[in-house]
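Asks: Okay, handing you the structure first.
What follows draws every value from the coordinates through simple rules; no lab data is involved. In this text the structure is predicted, and so the values were computed from the model without any measurement. Heads up, the Cβs are rebuilt from the backbone with ideal geometry, glycines too, and the neighbour counts pull from every protein chain shown.
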Amino acid sequence: MSATCHDTQDHVELKPEFVAHADELISHYPVSKRSASLPLLHFWQETHGYISNQAVEWIAGKLGLNPIQILELVTFYPMFRQHPAGKFQIKVCRTLSCQLGGAYELREHFMKKLGITKVDEHGLGISADGKFSVEFVECLASCGTAPVIMVNDDFYEGVSHTQADELIGKYS
Amino acid sequence: MPAPAEYRLVFKHIDEPGYTNDIECYQRHGGYEQLKKAFTMKGPDIVNEVKASGLRGRGGAGFACGVKWGFIDPTKNTKPVYLICNADESEPGTFKDRQIIHKDPHQLIEGMVIACYANNVHLSYIYIRGEFPLGAKILEKAIAEAKAKNFLGKNILGSGYDLEIYVHRGAGAYICGEETGLIESLEGKRPYPRIKPPYFPAVLGLYMCPTIVNNVETLCDVKHIIAMGGANYAKIGKPNNTGTRLIGVSGDVAKPGYYEFEVGSLTLGQLINDVCGGLKNGRKLQAVIPGGSSSKVLRAGEKYKIKEKQADGSMVDKEIGLEDIPMDFDTMAAIGSMSGSGGVIVIDDSRDIVSCLANLSEFYAHESCGQCTPCREGSLWMKKITRRLADGHGRVEDVALLKSVADNIAGRTICAMGEACSWPVQSFVAKFKNEFEAKGRAGKGPAVAATNGH
Ligand SMILES: Cc1cc2nc3c(=O)[nH]c(=O)nc-3n(C[C@H](O)[C@H](O)[C@H](O)COP(=O)(O)O)c2cc1C
Ligand code: SF4
Ligand code: FES
């Protein structure tokens, strides 16, 4: 059975280190390999950018599952992507404390600065050069220092518009 | 009366100059000494100390920790027992566990090893939200350090007791904080909460085995209970509301931040006005969400009837204002809200209260797992209706409609998300009825599709 999702990625060759680390992750779940689904999805996305058909099938094969059992996770959990996002992914917290702290204006500011005018069905907008993407996320558990954002794995608190401009420069 | 001083137990070393998150620093500050002490005790004795401490869970529901542990009867149970640390911290307004994970991870590990030893657990997971990538790395490093010193792993400190702890990352779904959703997620599935009964974690939890799920802060408290003994811990705070609590304040206060106080030692007014420097820019208080976004909102100027225990043990009826509410589990429940996750969100009088609810309703609509019709459809309608009211496209009838949608969710769903999404709507609409109706009257008619960036 083949899982279907829109795929734009060429087949990638998996390095032996990649496979070895995947096996190491699986070893954290001595009772049930299936538990390694999320860790393997994270690891694939960190390494290859997004979850392709190949990813779904490879992970399913590795864990002895049907591809749909992996694909249904990709479609449920917000952090997994079936399309590439920007090289630098700006995630702006949208929830109440950050809204009170100016999160909506901050997102607008990023969009304007990066010339992003349209967003996909998940609210993700990508700059023309593919370098940045901007999206809203829900409460990042740092409400006391609103507004907060993440750029890839880096976390920033109390982000002013000036600091936003500096961050764009820093990651460019 | 000025606010009492902070009582830092779990946060003792957090933000202390020179305090780092490596094991050497932790041990220089007495780290892992309580673990050694715990190994001189028998598991059931530790469970009894936790029972005596009166510790109530810090994740949201405030369930007695010792009672939860006691559900698993070691004399009858033949299956392996698992313990999961709930580090999902995704209730909006809550930002306490992040501090522990980033700045004092070994405190959590020590608490977990003690809790696992007490309950005869040999395999344990920390379920950490996906948006804490650095936190996950810090915990993994802490686990490796603890293993290298034999505080974890095989035959811990020569006791013959083995334990492995692994870090498991979520991937952006709030519902993974609900304990049975969390368990499903850890099994590699969609995080669809399970029906209780029969799927109480203590009976049919991870891999259908008895499982304990505890919040990060709760597990840290266990370490301090071992240090001082359950009876002494119970002297902190108030009867039935023992110990300290981490409180995070966000929103329109001058000094937002995280604090630790003896449970019930200060009032909401002291917290806002003394500890957090009052409202920002000289504004006035409009509302407070006292225990994470799903707790019922409190309106400035409201009066509440509570029963106060007198010195002779008799109970006296008393009327108090919002600022006089003592911050403890039982009083927060008595005034119709909850202390929940300890996240206090303060809203000033310059804010459009309907927009505030629209923001939260959008959160819940996004986070419903979709299994139950009332929650899936109801949360979506609550989002659409509050959004159109906030944006000036609502009608007066929307206010009653909103209430009726909310009233038909709670109690009809698999998990407590049904309550979590309807309580804010019910309380905002009831307490700010005029504001909602005014929005409806000013509405320009035909609702347009909500545009909100999602
Ligand atoms: C929708 C929902 C979300 C929850 N999110 C969290 C969370 O992020 N962190 C947490 O510790 N508990 C959360 N809980 C509570 C857990 O289900 C569980 O009660 C708690 O982890 C038990 O730990 P404790 O007894 O130490 O408090 C949530 C509950 C619900 C219904
Ligand atoms: S109440 Fe909502 S979140 Fe909970 S199981 Fe039902 S649909 Fe899912
Ligand atoms: S609301 Fe933005 S971090 Fe909590």
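Asks: Using a Cα-Cα cut-off of under 16 Å, which aspartates and glutamates could be cross-linked to A:LYS33, ignoring same-chain neighbours fewer than 8 residues away?
Replies: Correct list for A:LYS33: A:ASP23, A:GLU24, A:GLU57, B:GLU184, B:GLU187.
Asks: Which whole-number percentage describes the relative contact order of chain A, with Cα contacts under 8 Å and a sequence gap of 6 or more?
Replies: Numbers: 240 pairs, mean separation 33.2, N = 172.
In percent, rounded to a whole number, it is 19.
Asks: Highest mean first, how do A:144-150, B:94-100, B:75-81, B:116-122 rank when packing is the count of other Cβ atoms within 10 Å averaged over residues? Can you show the working numbers first?
Replies: Details: A:144-150: 24.3, B:94-100: 26.7, B:75-81: 11.9, B:116-122: 21.4.
Ranked from most to least packed, the peptides come out as B:94-100, A:144-150, B:116-122, B:75-81.
Asks: Another question, then. In what order do B:MET208, B:MET332 fall by count of nearby beta-carbon atoms within 10 Å, going from fewest to most?
Replies: Details: B:MET208 12, B:MET332 24.
So the ranking, lowest neighbour count to highest, is B:MET208, B:MET332.
Asks: Need one number: nm distance between label points at B:GLN27 and A:HIS11, each 7 Å from Cα along Cα→Cβ, rounded to one decimal.
Replies: 5.1 nm
Asks: Moving on. With an 8 Å cut-off on Cα pairs and a minimum separation of 6 or more residues, tell me the relative contact order of the stretch B:1-85 in percent. Kindly include the intermediate steps, with their values, before the conclusion.
Replies: On the way: 29 pairs, mean separation 11.5, N = 85.
After rounding, I find 14 percent.
Asks: Does the stretch A:16-76 come out rounded, prolate or oblate by the C-alpha gyration tensor, with a ≥ b ≥ c the root eigenvalues, rounded set by a/c under 1.5 and, if not, prolate when a/b is larger than b/c and oblate if not?
Replies: Working: a/c = 1.68, a/b = 1.12, b/c = 1.50.
Cα axes put the stretch A:16-76 in the oblate bin.
Asks: A further question follows. Considering the convex hull of the alpha carbon atoms of chain B, report its projected area averaged over all viewing directions, in nm², one decimal.
Replies: Working: hull surface 90.2 nm².
Dividing the Cα hull surface by four gives the mean projection, 22.5 nm².
Asks: Show me the ranking of peptides B:56-69, B:352-365 by mean Cβ neighbours inside 10 Å, starting with the highest. Walk me through the numbers on the way to the answer.
Replies: Working: B:56-69: 21.1, B:352-365: 24.0.
Most protected by this proxy first, the peptides run B:352-365, B:56-69.
Asks: What's the FRET efficiency of B:ALA334 with B:LYS235 using the Cβ-Cβ distance as r and R₀ = 22 Å, to the nearest 0.05?
Replies: Working: r = 23 Å, r/R0 = 1.03.
Given R0 = 22 Å and the Cβ-Cβ separation, E is 0.45.
Asks: Using Cα positions and a limit of under 17 Å, work out the aspartates and glutamates in reach of A:LYS118, with same-chain residues fewer than 8 apart set aside.
Replies: A:GLU105, A:GLU108, A:ASP129, A:GLU135
Asks: To continue, here is another question. Which one of A:GLN99, A:GLN89, A:GLN45 has the biggest mean-square fluctuation once chain A is modelled by GNM with Cα springs under 10 Å?
Replies: In this elastic network of chain A, the residue with the biggest mean-square fluctuation among A:GLN99, A:GLN89, A:GLN45 is A:GLN99.
Asks: Straight-line reach only, C-alpha to C-alpha below 29 angstrom: list the lysines that B:LYS255 could link to, leaving out same-chain residues fewer than 8 apart.
Replies: A:LYS91, B:LYS12, B:LYS96, B:LYS103, B:LYS238, B:LYS280, B:LYS284, B:LYS296, B:LYS303, B:LYS431
Asks: Another question, then. Please average, across the residues of B:118-127, the number of beta carbons from any other chain that are within 10 Å of each residue's own beta carbon, and give a whole number. It would help to have the intermediate numbers written out before the result.
Replies: Numbers: counts 0, 0, 0, 0, 0, 4, 0, 3, 0, 1.
Mean number of neighbouring Cβ atoms from other chains: 1.
Asks: Between B:ALA64 and residues 5 or more places away or on another chain, which pairs have amide H atoms under 5 Å apart, with H built 1.01 Å from N, and which residues are they?
Replies: B:GLY57
Asks: When Cβ neighbours within 10 Å are restricted to other protein chains, what is their mean count per residue of peptide A:35-46? Before the final figure, lay out the partial values.
Replies: Working: counts 10, 2, 5, 12, 6, 1, 3, 6, 0, 0, 1, 1.
Mean partner shielding for this stretch: 4.
Asks: Averaged across the residues of B:351-361, what count of C-beta atoms belonging to other chains lies within 10 Å of each residue's C-beta? Mind dumping the intermediate values first?
Replies: Working: counts 3, 0, 0, 0, 4, 3, 1, 2, 9, 3, 0.
Whole-number average of other-chain Cβ neighbours for B:351-361 is 2.
Asks: Another question about this same structure. State whether the stretch A:68-172 is rounded, prolate or oblate according to the following rule on the C-alpha gyration tensor (a ≥ b ≥ c being the square roots of its eigenvalues): a/c under 1.5 gives rounded; otherwise a/b larger than b/c gives prolate, and the remaining case gives oblate.
Replies: Working: a/c = 1.91, a/b = 1.28, b/c = 1.49.
Oblate, since a/c reaches 1.5 and b/c is not below a/b.
Asks: For the ranges B:375-381, A:31-37, what's the packing order if you count other beta-carbon atoms within 10 Å of each residue, average per peptide, and put the highest first? Can you show the working numbers first?
Replies: On the way: B:375-381: 21.4, A:31-37: 18.9.
Ranked from most to least packed, the peptides come out as B:375-381, A:31-37.
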